[in-house]
Amino acid sequence: MADSVTQKPTRTPLIAGNWKMNLDHLQAIAFVQKLAWTLKDAQHDFGSVEVAVFPPFTDLRSVQTLVNADDLPLAFGGQDISQHDSGAYTGEVSGAFLAALDTAYVLIGHSERRQYHGETDEIVAAKTAAAHRHDIVPIICIGETAEDLEAHGPAAVPVAQLRAALEGAATGKEIVVAYEPVWAIGSGQAATSEQAQQVCAALRALLVEVLGADAAAATRILYGGSVKSGNIAGFMRETDVDGALVGGASLQLEEFASIVRYQKHVGT
Ligand code: PGA
């Protein structure tokens, strides 16, 4: 069984840029055009790396139009989704609307949503179910605070959060997991690649238990939290890390492109 979950080459690396509340739709168009141009050689040399951006909702239609018109090799997704499909939920965005814009992915349960918007494990599970109802791949974000780490050790809280989120996952549908230690987000203080691997291995063991060995082996687990061009290669060398969820650095064109080209840094 151990062998079946260590076939890293079968998992396409995913580098995801979480723009958070930055860039309006005009800025998004300019950024995506430049990014696609900058990554042209990366797609050529490292076509196996999938790149996705997560703009604010108001940008999605513009990004979709651009990606479709120019057939850009770039995926995009929402930063959140409502657990409801329609109705009197002022300010919420339905998965049906995201699906209508060809949205491939949606971030669910980002620590900023958990912290500032009271998203509980139950809500995260309901949003995971909503994403699957609309054939959008949920990127389930989990991670421990510094206090959790102190009190419970490295993997306990992320594993419990993922277990709860999987309650909402539909059988046989793809998920992506993003392990983001809260203390590492936006702090400039990333986890070490060994710390990330330790937790990601525990998360994959849970996926084996809940989804079975084949689905666990196929599921991508991302690391997030102060990822930069200088540390990405170390994370990507780890057996159970299949990509990165990048915040601040995803808004810096050259830096983000350099993260996507991480294979150039391997061995350096
Ligand atoms: P950061 O953010 O890369 O700025 O630490 C990561 C995230 O919040 O997804």
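The lone criterion from (1) crowded, with 19+ Cβ neighbours inside 10 Å; (2) touching a Ser or Thr at 6+ places or on another chain (Cβ under 8 Å) left unmet by residue 246 is number (2). Is it fair to say residue 226 is among the small types (Gly, Ala, Ser), more than 18 Å from residue 19 (Cβ to Cβ), within 11 Å of the ligand (Cβ to nearest atom) and assigned to a loop (DSSP other than H, G, I, E, B)? So residue 226 fails the test.
Can you tell me which of 155, 130, 104 is within 16 Å of the chain's Cα centre (by Cα) and either touching a residue at least 24 places away in the same chain (Cβ under 8 Å) or surrounded by 20 or more Cβ atoms within 10 Å (Cβ to Cβ) (or both)? Show your work before the answer.
Working: 155 fails: within 16 Å of the chain's Cα centre (by Cα); 130 fails: within 16 Å of the chain's Cα centre (by Cα).
Going through 155, 130, 104 in turn, the sole match is 104.
Does any residue of the stretch 201-223 turn out to be hydroxyl-bearing (Ser, Thr, Tyr) and crowded, with 24+ Cβ neighbours inside 10 Å? Spell out the reasoning first.
Filtering the stretch 201-223 down to residues hydroxyl-bearing (Ser, Thr, Tyr) leaves 219, 223.
Next, from what is left, pick out any that are crowded, with 24+ Cβ neighbours inside 10 Å: 223.
Yes, the stretch 201-223 contains a residue that is hydroxyl-bearing (Ser, Thr, Tyr) and crowded, with 24+ Cβ neighbours inside 10 Å.
Among the residues making up the stretch 224-236, those that are surrounded by fewer than 22 Cβ atoms within 10 Å (Cβ to Cβ) and in contact with a helix residue (DSSP H, G or I) (Cβ under 7 Å, 6 or more places away or on another chain) are 226, 228, 229, 233, 234.
Read-outs: derived from the displayed coordinates by stated rules, not from any lab. This is a predicted model, so every value here is computed, not measured. Heads up, the Cβs are rebuilt from the backbone with ideal geometry, glycines too, and the neighbour counts pull from every protein chain shown.
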